[in-house]
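Colleague: Can you read through this structure? Questions will come right after.
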Amino acid sequence: MRKTILTIACGSMALSAMAADDITYPMTREMHNPLFIDFPSPMYGTDSIGRMYTADASAHVWNDGRLYVYASHDLEPPQGCDRMDRYHVFSTDDMVNWTDHGEILSSADVKRQSGWGIEGWMWAPDAAYNPANGKYYFYFPHVNEPLPWGGHDWRVGVAVSDHPASDFHTAGYVHGAPSLIDPCVFVDDDGQAYIYNGGGGQCAGGRLRSDDWTQLDGEMQPMQGLIDFHEGTWVHKYNGKYYLSHSDNHGSDGNQLRYAMSDSPLGPWEDKGVYVYATGCGTIHGSIVEYKGQWYALYHVNNPSGRDELRSVCIDPLEYNADGTIRPVHNWGTPSGTMPTLPTAGNSLTINAADYNNGGEHYAYHKNGGEAPEVATGKSGTYIANVNKGDWMRYSVAATADGSYDVTFRVIPRSADATFHLSANGTAVTGKIAFDGTLSDFAEITVANVKIGADVSYLDLRADNGTFDILSFTITPSK
Ligand code: FUB
């Protein structure tokens, strides 16, 4: 049996052995997806050090030639969104070595500097640079006060600095912006700055004053034409067209990133579909940026922690089609052998569970607790043992047409409550598959008429509950 424990190292010092006082910023490390996780971060309410969990990445390239990422900060141990109380900024000039510039703003700073806001509640931010005055603007959604009926009085706070990653000072908030989360600021080629915010199905946009990027020029208006908008607005421009990307309300395996296009920065918008499939994390929040001639998509996953309150930012190349539409971001890794095509009538395809994609925590497999899946060998062959709630394995496949398939899984349920499901491109294509009791050897269970679309690129086996071993699954066109 192979069992690999992933170690969390921080230079030569284990993170747990550090104290907050040991951290000196800026610090630079080589990073691969998921990003920033190996930077040390003070844990909530103590002096000890944990991992750096980040979400809601807003990426920008400023005129010093570096790519900057302004991110939300999830606190360990998991506190939930209400305890998010600070922001860090990260940057790179080679896409390999990333610098953590340290904390740039906290809810305590906001209260001290401008007298509003409560502790925590610092959600997805964005930043902008105004070449007319050389100032950097940091926009953040923050709760001014809880409302009596259980809602929140959200404001779009603004902090200003002469530097991209330090010395931000709160300048108040954008008066008149609706009480919504996730501000985004887009600066057009003519220098006009636009601001957006939104959540819970509402998205608004408007202009910032050309002489004061902390204030609105007129009122913000609802953005028209978006489909299934949830939150996380991001606006960018490519080849003269405007793109508004956002998370949706997709249920199984988490939210997805969708986008819409327009000839105007304030719409109306035409929805163009999904460009980042669900990753298993409840939320997703992205940005799109060009750096050194390559476009990138940023988003977050929960793979390193297995928890939606401890997220990690990822970055992957983004490609456009000739008509300006965006191809789904290829973040599902490379298959370990040849990539099988789904079978035609009269044929079947068996995929061994242990043949999950090569790659790593970003896209190929995930074992909750930071271990690699347990690959074991028995009389039936090589299988994956002790698959637990939150674990998943990914298999690249190709489909040539929309199809309906019967899928037979060979599984040993190790606990009576074991359930799992199959997903295609991040969408569940089966319900939760359950067993009657536990078993000592592999048993077959078949789910009939599983719909798999022609666009499918990968299948995920996702454990919903309990513990089971899995040997293989066979896909056969339904009769
Ligand atoms: O990070 C807190 C909230 O979760 C953000 O504001 C949303 O976009 C979602 O990612």
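Colleague: Of everything in segment 444-479, what is more than 18 Å from Lys367 (Cβ to Cβ), in a strand (DSSP E or B) and open to solvent by 10 Å² or more (accessible area, probe 1.4 Å)? Give them in sequence order.
Modeller: Glu444, Ile445, Thr446, Val447, Ala448, Asn449, Lys451, Thr474, Thr476, Pro477
Colleague: So how many residues does segment 210-242 have that are more than 23 Å from Gly324 (Cα to Cα) and more than 16 Å from the ligand (Cβ to nearest atom)?
Modeller: 13
Colleague: Follow-up question, since we're still on this one. From the residues in segment 243-252 that are within 16 Å of the ligand (Cβ to nearest atom) and over 20 Å from Arg327 (Cβ atoms), which one is modelled with the lowest pLDDT?
Modeller: The qualifying residue modelled with the lowest pLDDT is Gly251.
Colleague: Got a number for residues in segment 36-83 being within 11 Å of the ligand (Cβ to nearest atom), closer than 27 Å to Val187 by Cα and more than 18 Å from the chain's Cα centre (by Cα)?
Modeller: So the count comes out to 0.
Colleague: On to the next question. Which count do you get for residues in segment 355-380 that are crowded, with 20+ Cβ neighbours inside 10 Å and not in a loop (DSSP other than H, G, I, E, B)?
Modeller: 2
Colleague: Moving to a separate point now. Exactly one of (1) over 24 Å from Asn255 (Cα atoms); (2) open to solvent by less than 20 Å² (accessible area, probe 1.4 Å) is unmet by Ala434. Its number?
Modeller: (2)
Each row is one residue, and each column tells you yes or no for (1) open to solvent by 40 Å² or more (accessible area, probe 1.4 Å); (2) under 19 Å from the mean Cα position of the chain (by Cα); (3) under 28 Å from His362 (Cα atoms).
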position	(1), (2), (3)
Arg207	yes, no, no
Gln224	yes, no, no
Glu231	no, yes, yes
Leu257	no, yes, yes
Pro265	no, no, no
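Colleague: Looking at (1) away from the ligand (no atom under 12 Å from the Cβ); (2) open to solvent by less than 10 Å² (accessible area, probe 1.4 Å), which is the one condition that is false for Arg86?
Modeller: With (1) away from the ligand (no atom under 12 Å from the Cβ); (2) open to solvent by less than 10 Å² (accessible area, probe 1.4 Å) applied to Arg86, the lone miss is (2).
Colleague: So the check is Cβ under 6 Å with 6+ separation or different chains; which pairs have a first residue in segment 84-103 that's assigned to a loop (DSSP other than H, G, I, E, B) and a second one that's of a type in the set (Ser, Thr, Tyr)?
Modeller: Met84/Ser72; Asp85/Ser106; Asp85/Ser107
Colleague: Also: Quick one: which strands (runs of 3 or more DSSP E) sit completely within segment 253-354 and have at least 2 residues that are among the small types (Gly, Ala, Ser), more than 19 Å from Tyr53 (Cβ to Cβ) and away from the ligand (no atom under 14 Å from the Cβ)?
Modeller: 257-262
Colleague: Return the residues of segment 110-126 that are more than 15 Å from the ligand (Cβ to nearest atom) and among the hydrophobic types (A, V, I, L, M, F, W, C); say none if nothing qualifies.
Modeller: Val110, Trp116, Ile118
The values are calculated or read from the model by the stated rules, or taken from the named source; none is laboratory data. On a predicted model such as this, the values are computed, not experimentally measured, just so you know. Every residue, glycine as well, gets a Cβ built from its backbone with ideal geometry; the counts of neighbours run over all protein chains shown. Only protein heavy atoms, including side chains, enter the accessible area calculation; ligands, DNA and RNA are left aside. Shrake-Rupley method; radii C 1.70, N 1.55, O 1.52, S 1.80 Å.
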